1. So what is the relative contact order for segment 71-128, in percent, with contacts set as C-alpha pairs under 8 Å and at least six apart?
2. Just to be sure I understand: with springs between alpha-carbon atoms less than 10 Å apart, which residue in PRO241, PRO54, PRO42 has the highest mean-square fluctuation in the Gaussian network model of the chain?
3. Mind listing the phi-derived Karplus ³J(HN,Hα) values for segment 204-218, rounded to whole Hz, using 6.51, -1.76 and 1.60 with θ = phi - 60°, and x for any glycine or proline?
4. Tell me the accessible surface of THR77 in square angstrom (1.4 angstrom probe, heavy atoms of protein chains only), to the nearest ten.
5. Quick one: which of 166-178, 148-160 comes out on top by average Cβ neighbours within 10 Å, and what's the full order, highest first?
6. Charges at C-beta only: +1 for Lys and Arg, -1 for Asp and Glu. How large is the resulting dipole of the chain about its Cα centre, in Debye rounded to 20?
7. Tell me what the chain gives for mean residue ellipticity at 222 nm when only DSSP H runs of n ≥ 4 count, each as -39,500 (n - 2.57), the sum divided by the residue total, rounded to 500 deg cm²/dmol.
8. For segment 358-372, what does the Karplus curve 6.51 cos²θ - 1.76 cosθ + 1.60, with θ = phi - 60°, yield as ³J(HN,Hα) per residue in whole Hz, taken in order and with x for Gly and Pro?
Amino acid sequence: MTIPRFIGSEIYRHSSYGARHPLRVPRVSTVMDLSRSLGWLPPTQFLTSPCAKPAALHSFHTPAYISALQRAEATQTVDAATRARHGLGTHDNPIFGEMYRRPATSAGAAMLAGELLRDGGIIYTPAGGTHHGFPDRAGGFCYLNDPVLAIQSLRRNGASRIAYIDIDAHHPDGVEHGFADDPETLLISTHEEDRWPRTGALTDVGAGQVFNLPLPKGAHDSDMALARDDLILPAVQAFAPDAIVLQCGADAVEEDPQSRLALSNNAHWAVVQHLIGMAPRLLVLGGGGYNPWSVGRCWTGVWAVLNGHDIPDRLPSPAQDVLRTLRWDGQRRIKSPLPHWITTLRDPPRDGPISEVVRSRVSLLRARLGSL
């Protein structure tokens, strides 16, 4: 198997959804800078993402929507009819300078990953994971749905059975829309219950391959370990995929302002570690994550796990400098970074008694595994 590859772009360093938007914070550029400062991202493992051409996006998105998205970027405005039909120019999905090129770059990475994984391997594209995009409409900060485009690309390049696992704090409504009725795609999501978009019910089944686990507020590492060991891993093993796509949104980490889950980044890394080797192809995406320190540290640790690098107890000075220069303007909940956000990648574990709600829901879902 070839060494893991990282697909990134400088577009994320110079692009923002706007001064008041949750995605005003740097994310992918932080992961790139931290990984390089630690010697984990040599040129031989880095690929610059292409920007997807409009026609390539029509495999999931409607031509009318893609045209509207391009037109909104070019004119920096949308009319009322476009806003109502396509969800562009809203608070969640604002007009900004790269509103087509930025998501099209993430989509280009996802589709390229499918091609590169034709013969197996591991690819990481932390800019990916925009799981709320619908064919004709933006949603939840997501203008395009790169997980869907990645799954389609994997299929075009030889994968037949694909497992999609999503550990973001928010349910992947756009991905479920795309594949709930496809018996060759396994969909597993752990997400905070009663959190936008308020989809992903425990009772969703689709074609029998949909497993949604809503987690209660405050769910911690021990709850996630139960979900991992008693649901995610047995489901993947029973399904026997030839490709895995993992959406690794960091907004389930305790310090993130967009959820009330209480995971440490250790929970994310453990899911990644356990999925390595369960299919010949592994594609790991980013997703949500709105605290610049916690998302940068979490996703850099994901890259370490994929490569088998030891995570140091204390970061060397160049890596600390990357974290020290981050800013979170306009955030009222957290005024300044905690000391360990600068000096370490690894959070303290956040274990505790397993919630009976989580235990009972995992048990109900596990009872369905015989259908895979």
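1. Values: 34 pairs, mean separation 15.9, N = 58.
Taking the mean separation of contacting Cα pairs over the length of segment 71-128, I get 27 percent.
2. PRO42
3. Coupling constants for segment 204-218: 4, 10, x, 8, x, 10, 9, 10, 9, 10, x, 9, x, 3, x Hz.
4. About 80 Å², ignoring ligands and nucleic acids.
5. Working: 166-178: 26.0, 148-160: 21.7.
Taking the mean over residues of other Cβ atoms within 10 Å, the ranking is 166-178, 148-160.
6. The dipole magnitude comes to about 720 debye.
7. -10000 deg cm²/dmol
8. Using θ = phi - 60°, the values come out as 5, 4, 5, 5, 4, 4, 5, 5, 5, 5, 8, 5, x, 7, 6 Hz.
The values are calculated or read from the model by the stated rules, or taken from the named source; none is laboratory data. The structure presented is a predicted model; accordingly, all values stated were derived computationally and were not measured. Using ideal geometry, Cβ is built from the backbone for each residue, glycine included, and neighbour counts are taken over all protein chains shown. Quick note on the areas: whole protein, heavy atoms, side chains included, nothing else; ligands and nucleic acids left out. Shrake-Rupley method; radii C 1.70, N 1.55, O 1.52, S 1.80 Å.
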